[in-house]
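The values are calculated or read from the model by the stated rules, or taken from the named source; none is laboratory data. Please read these numbers as outputs of a predicted model, since none were measured by experiment. In this analysis, Cβ positions are derived from the backbone assuming ideal geometry, glycine residues included, and neighbour counts consider all displayed protein chains. Note: areas computed on protein heavy atoms with side chains; ligands, DNA, RNA excluded. Shrake-Rupley method; radii C 1.70, N 1.55, O 1.52, S 1.80 Å.
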Amino acid sequence: MPSTQFGSGRPEAATAEKAGQRREQRGWYFYDWAVSVYSSSVLTVFLGPYLTTVAKAAADAEGFVHPLGIPVRAGSFFAYAVSASLLLSVLAMPAAGALADRTGRKKPLLGGCAYTGAAATTAMFFLGGDRYLLGGALLIIANVSFVVAMMLYNSYLPQIADPDERDAVSSRGWAFGYTASALTLIADLALYAGHDAVGISAGTAARICLATAGLWWGAFALIPLRRLRDRPAAGGTRGTAGDVAPGQGWRQLRATLRDVRRRPLTLSFLLAYLVYNDGIQTVITQASVFGSEELGLDQTTLIVSTLLVQVVAAAGALLMGRLARTYGAHRTVLGSLVAWTLTIATAYFLPTRTPEWFFVLAGTIGLVLGGSQALSRSLFSHLIPRGKEAEYFSAYAMSDRGVSWLGPLVFGVAYQVTGSYRDAIVSLVAFFAIGFVLLARVPMRRAIAAAGNPVPDRI
């Protein structure tokens with residue numbers, strides 16, 4: 001009996017465990033497939049221009065709306081709403097993280113966030129007339145749900161993939177997301193471009209595209225929620241929500257930040273990333289507003305340009321990966337920030353009603369988008385002390401999604417003060433220029449050694 005148990009039983013159990021892990025990985029990929037449509041179709045293409053149009057319909061003679069009695073230029077409303085949603089995400093993520101860690105019930109939290117966000121997105125079909133406040137509220141609910149769900153989704157990676165396969169598993173998830181975004185954008189383009197042929201207005205076509213993104217999110221979220229498994233909390237127990245003390249999430253975050261402060265070079269990198277990633281996230285959410293409101297481009301052009309970004313971003317990530325092998329990831333990211341700075345500065349001079357130049361801008365953004373984010377994550381992974389990967393990546397997730405509120409706020413204030421989207425878009429150059437300076441000052445080899453990790457030959 002002993003020989004059977006340890007000779008054949010264990011290999012069979014290991015085989016079954018590996019098969020279960022593969023099943024979870026395949027389910028995990030499908031959440032990226034489900035949610036990426038919200039990021040591309042809703043945030044990047046349709047909601048900004050459409051909500052701005054709705055806000056303008058509700059504006060007074062001077063072009064202002066008055067949410068909560070505060071005068072806001074209608075053209076700034078979408079940027080302010082995005083900024084508010086990200087600020088609320090900062091409050092929500094530590095609480096959700098503590099609840100997931102303490103109870104071991106991550107999947108119900110992921111499902112709750114996913115379906116709250118999907119429902120709010122689907123309800124955007126009802127954004128008509130001058131209902132800008134409804135649009136702002138739905139955007140905030142959907143975006144907070146999106147950000148918190150992504151944090152929970154990312155935290156599954158160490159549980160479903162061994163260390164030597166995490167890069168490949170993570171990359172497949174990104175590939176699923178890019179593929180879903182491209183497919184739905186093609187469908188959106190067909191509907192929007194042919195709205196007259198099917199007897200609907202352009203506004204109705206936009207609202208259908210918004211709502212179907214929510215339905216897509218909810219439908220395909222069923223796959224990961226069926227395949228992913230909850231694990232016992234630390235200590236091998238399953239707690240309840242009542243076991244989590246009020247403020248536990250913030251105490252956990254403060255403990256992590258105190259530990260990061262004891263490693264100033266790691267902190268320096270994280271601060272640099274926080275600054276330039278804020279610029280990247282703002283470009284993603286505000287480029288369509290700039291294109292429609294300042295350059296006078298139609299929705300079809302915006303859809304095609306976003307589709308172009310999705311396709312070029314995948315190729316750009318591979319290209320920058322090759323450059324990193326030759327010149328090192330640090331230098332390659334610095335080069336990408338120079339490209340970002342020049343690209344956004346050039347956007348100020350784009351002539352109106354010239355789609356071809358906007359496509360050039362979109363292609364250039366796509367070329368540096370995927371690679372700059374992928375290589376930044378890779379660089380940060382070298383700066384984490386062994387055994388603290390999840391803890392440090394939670395802080396990284398906060399800076400990646402939850403602290404990206406300053407850029408939209410700067411964009412909105414710039415337009416509020418100047419009334420020009422050109423001034424608003426060029427204000428984002430500061431994020432890339434300052435981020436470049438901060439990142440260039442980080443001595444990566446010394447930082448990696450200080451974290452107790454082996455220093456690669458090329459970094």
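Is it fair to say L47 is closer than 17 Å to G136 by Cβ, out of contact with any strand residue (DSSP E or B) (no Cβ under 8 Å at 6 or more places or on another chain) and at pLDDT 90 or above? Steps first, answer last, please.
On the way: closer than 17 Å to G136 by Cβ: yes; out of contact with any strand residue (DSSP E or B) (no Cβ under 8 Å at 6 or more places or on another chain): yes; at pLDDT 90 or above: yes.
So L47 fits the description; yes.
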- Item | L318 vs. criteria at pLDDT 85 or above, within 20 Å of the chain's Cα centre (by Cα) and open to solvent by 30 Å² or more (accessible area, probe 1.4 Å) | no
- Query: Which ones in the stretch 54-103 are at positive phi and part of a helix (DSSP H, G or I)?
  - Reply: L68, G69
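Can you tell me which residue among F359, F349 is open to solvent by 40 Å² or more (accessible area, probe 1.4 Å) and within 22 Å of I186 (Cβ to Cβ)? Can you show your working first?
On the way: F349 fails: within 22 Å of I186 (Cβ to Cβ).
Going through F359, F349 in turn, just one is open to solvent by 40 Å² or more (accessible area, probe 1.4 Å) and within 22 Å of I186 (Cβ to Cβ): F359.
Quick check, is Y50 hydroxyl-bearing (S, T, Y), under 19 Å from the mean Cα position of the chain (by Cα) and open to solvent by 10 Å² or more (accessible area, probe 1.4 Å)?
Working: hydroxyl-bearing (S, T, Y): yes; under 19 Å from the mean Cα position of the chain (by Cα): no; open to solvent by 10 Å² or more (accessible area, probe 1.4 Å): yes.
For Y50, the condition - hydroxyl-bearing (S, T, Y), under 19 Å from the mean Cα position of the chain (by Cα) and open to solvent by 10 Å² or more (accessible area, probe 1.4 Å) - is not met.
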- Query: Restricting attention to the stretch 439-456, which residues are closer than 12 Å to L265 by Cβ, open to solvent by 30 Å² or more (accessible area, probe 1.4 Å) and in a helix (DSSP H, G or I)?
  - Reply: R445, R446, A449, A450
- Message: Which count do you get for residues in the stretch 93-111 that are in contact with a Leu (Cβ under 7 Å, 6 or more places away or on another chain) and farther than 25 Å from A219 by Cα?
- Response: 2
- Task: Among residues belonging to the stretch 273-296 that are in contact with a Leu (Cβ under 7 Å, 6 or more places away or on another chain), of a type in the set (G, A, S) and surrounded by 23 or more Cβ atoms within 10 Å (Cβ to Cβ), point out the one that is nearest to W405 (Cα to Cα).
- Result: G279
